[in-house]
Amino acid sequence: MLLQAAANYPVETFLLENDAECPAAHLCHQFTKGDIKDFDAVYNFGKGLDAITIEIENVNVEALEKLEVEGVKVFPKPSVLKTIKNKILQKQYYEQHQIPSPKFIITNNAAELNEQEEFLPAVHKVSEGGYDGKGVQLINTKEDLVKGFNAPSVLEKMVNIHKEIAQMVAINEKGETALYPPVEMLFDHQLNLLDFQLCPAELEQKTLWKVEAIALAVVRNFKSPGIFAIEMFVDRDGNVLVNETAPRVHNSGHHTIEAHYSSQFDMLWRIILGYPLGNTEAILPSIMVNIIGAEGFSGEAKYEGLEEVLKIENAFVHLYGKKQTKPGRKMGHVTILSKEKQELIHQSNRVKSTLFVKS
Ligand code: ADP
């Protein structure tokens with residue numbers, strides 16, 4: 001999508017990716033096959049470019065640092081990626097800047113974790129390399145301690161969650177900011193994946209103010225231009241706590257493609273190119289449904305119920321063109337627009353019960 005959005009601007013695009021058949025490969029002007037985790041691959045790719053951005057944090061930051069020193073603009077700054085890639089550093093960043101976030105302690109190995117019975121119930125999060133819930137374990141009782149990680153991790157107090165929301169913030173090189181309306185996330189707790197996402201989130205006015213103020217504090221203290229998705233918990237007492245930040249275009253902003261005047265992708269180009277920030281307002285309220293590989297099917301992806309879903313008014317189907325499906329794999333998303341919340345819920349349930357990715 002980022003490469004598609006580039007078509008509106010006078011820009012030449014280059015893509016580094018290990019899979020030459022990845023869905024975005026044909027959308028850029030020049031494709032380079034290479035491992036984004038490899039120093040030489042990233043450095044050689046970025047050398048001589050005007051600007052570089054990322055779609056996943058799991059990239060070689062040292063190469064980006066060297067490129068930055070040599071004058072390539074990097075969005076977000078490598079210093080931000082360093083902090084965010086490591087959950088311990090990320091939590092320390094929130095603490096240092098007095099940004100509310102669940103209480104935590106650091107555990108370096110299983111033995112240290114086993115001494116933390118008094119801190120339970122808690123959530124154990126491996127410091128590096130976890131994503132989509134794969135580096136997260138809920139530790140409710142001391143019997144659950146065996147599920148924890150034998151590696152540097154964060155043990156975070158379990159929050160009594162009322163709502164999970166995400167606030168997207170755009171910030172340019174002048175430090176000007178634009179906030180999208182926050183979205184409310186509903187999860188499939190079995191797969192630990194986002195299920196539906198409603199925009200705007202239903203929040204009391206005073207909660208909304210807290211959300212915006214906290215998100216701005218997270219972003220401003222990074223001192224880096226870019227687009228950021230700040231995931232937060234609203235607890236049962238109305239407290240707003242930062243869960244984690246994504247310093248890039250994010251799943252929680254997919255609906256902005258159709259539902260907002262300036263999408264998150266358009267916004268990032270504006271930031272990179274030094275143009276004015278876009279209009280973050282919603283054209284209409286929306287709901288986003290992730291299309292996830294069905295349980296029990298692995299192999300070449302086939303879409304069941306697609307025609308039915310394409311008949312739904314104001315439903316926008318995005319299939320990412322991944323050739324292979326497996327249970328729980330994110331294969332696409334559908335955004336539905338409507339003035340009526342009931343209609344959004346109804347149609348999103350229809351999508352969920354109609355569209356399946358099988359093999
Ligand atoms: P990932 O980076 O893999 O997405 P998260 O840190 O977002 O992992 O955690 C995944 C999910 O676990 C969250 O969306 C939330 O539902 C739950 N979770 C994480 N931290 C806490 C917490 N401190 N208290 C309660 N639930 C939590």
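Rule-based calculations on the coordinates, nothing more; no lab input. Everything quoted here is computed from the prediction, not taken from an experiment. Every residue, glycine as well, gets a Cβ built from its backbone with ideal geometry; the counts of neighbours run over all protein chains shown.
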According to a simple spin-label model (label point 7 Å from Cα along Cα-to-Cβ), what is the distance in nm between residue 62 and residue 47?
1.7 nm
Would you kindly derive the ³J(HN,Hα) couplings of segment 197-205 from the backbone phi angles with the Karplus curve 6.51 cos²θ - 1.76 cosθ + 1.60 (θ = phi - 60°), listing them in order in whole Hz, with x for Gly and Pro?
9, 9, 9, x, 4, 8, 9, 5, 4
5 Å is the cut-off here: which amide hydrogens, built 1.01 Å from N in the peptide plane, fall below it relative to residue 150, excluding neighbours closer than 5 in sequence?
none
Looking at the calculated P(r) for the chain, what percent of the C-alpha pair distances fall above 30 Å?
40 percent
Label-to-label distance, nm, for residues given as residue 359 and residue 273 (7 Å Cα→Cβ offset)
4.1 nm
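At most 13 other Cβ atoms within 10 Å and a DSSP loop assignment: could you name the trypsin sites (Lys or Arg not before Pro) in segment 226-308 that fit? Display every interim value, and only then the final one.
Details: sites: 236, 248, 270, 302; in loops: 236, 248.
For trypsin sites (Lys or Arg not before Pro) across segment 226-308 that sit outside H, G, I, E and B with at most 13 neighbouring Cβ atoms in 10 Å, the list reads 236.
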Under a GNM of the chain (C-alpha, springs under 10 Å), which listed residue has the highest mean-square fluctuation: 264, 324, 96?
96
Please give me, ordered by residue number, the trypsin sites (Lys or Arg not before Pro) of segment 137-223 that lie in loop per DSSP and have at most 14 other Cβ atoms within 10 Å.
174, 223
Along the positive direction of the dipole of the chain (beta-carbon charges: Lys, Arg +1; Asp, Glu -1; about the Cα centre), which of 356, 160, 43 reaches farthest?
43
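Residue 239 to residue 4: FRET efficiency via 1/(1 + (r/R0)^6), r the Cβ-Cβ distance, R0 45 Å, to the nearest 0.05? Before the final figure, lay out the partial values.
Numbers: r = 39 Å, r/R0 = 0.86.
In this case the efficiency is close to 0.70.
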Measure off 7 Å from each Cα along the Cα-to-Cβ vector at residue 319 and residue 105, then give the distance between these two points in nanometres to one decimal.
5.1 nm
When only DSSP loop residues count, what chymotrypsin sites (Phe, Trp or Tyr not before Pro) in segment 169-278 have their Cβ near at most 15 other Cβ atoms within 10 Å?
261
At R0 = 35 Å, FRET efficiency that the Cβ-Cβ distance of residue 150 and residue 69 yields, to 0.05
0.45
Residue-averaged 222 nm ellipticity for the chain, from DSSP H runs of 4+ at -39500 (n - 2.57), nearest 500:
-7500 deg cm²/dmol
Once the in-chain neighbours fewer than 8 apart are removed, the aspartates and glutamates whose Cα is under 19 Å from residue 352 read 184, 188, 195, 295, 304, 307, 308, 313, 340, 343
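Contour minus end-to-end for residue 160 and residue 14, with contour as 0.36 nm per residue of separation and end-to-end as the Cα-Cα distance? The partial results should precede the final answer.
Working: separation 146, 0.36 × 146 = 52.56 nm, distance 4.41 nm.
That works out to 48.2 nm of additional length.
Calculated FRET efficiency, residue 55 and residue 118, Cβ-Cβ r, R0 51 Å, to nearest 0.05?
According to the calculation, E is roughly 0.80.
Where in the chain is the longest stretch that carries no GluC sites (Glu not before Pro) classed as loop by DSSP and with at most 12 other Cβ atoms within 10 Å? Kindly include the intermediate steps, with their values, before the conclusion.
On the way: sites that count: 12, 21, 70, 115, 176, 202, 204, 281, 295, 313, 340.
Excluding the exposed sites themselves, the longest stretch runs over 205-280.
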Pairs 82/210; 73/157; 77/157; 91/206; 73/326: which are spaced more than 32 Å apart, C-alpha to C-alpha?
73/157; 73/326
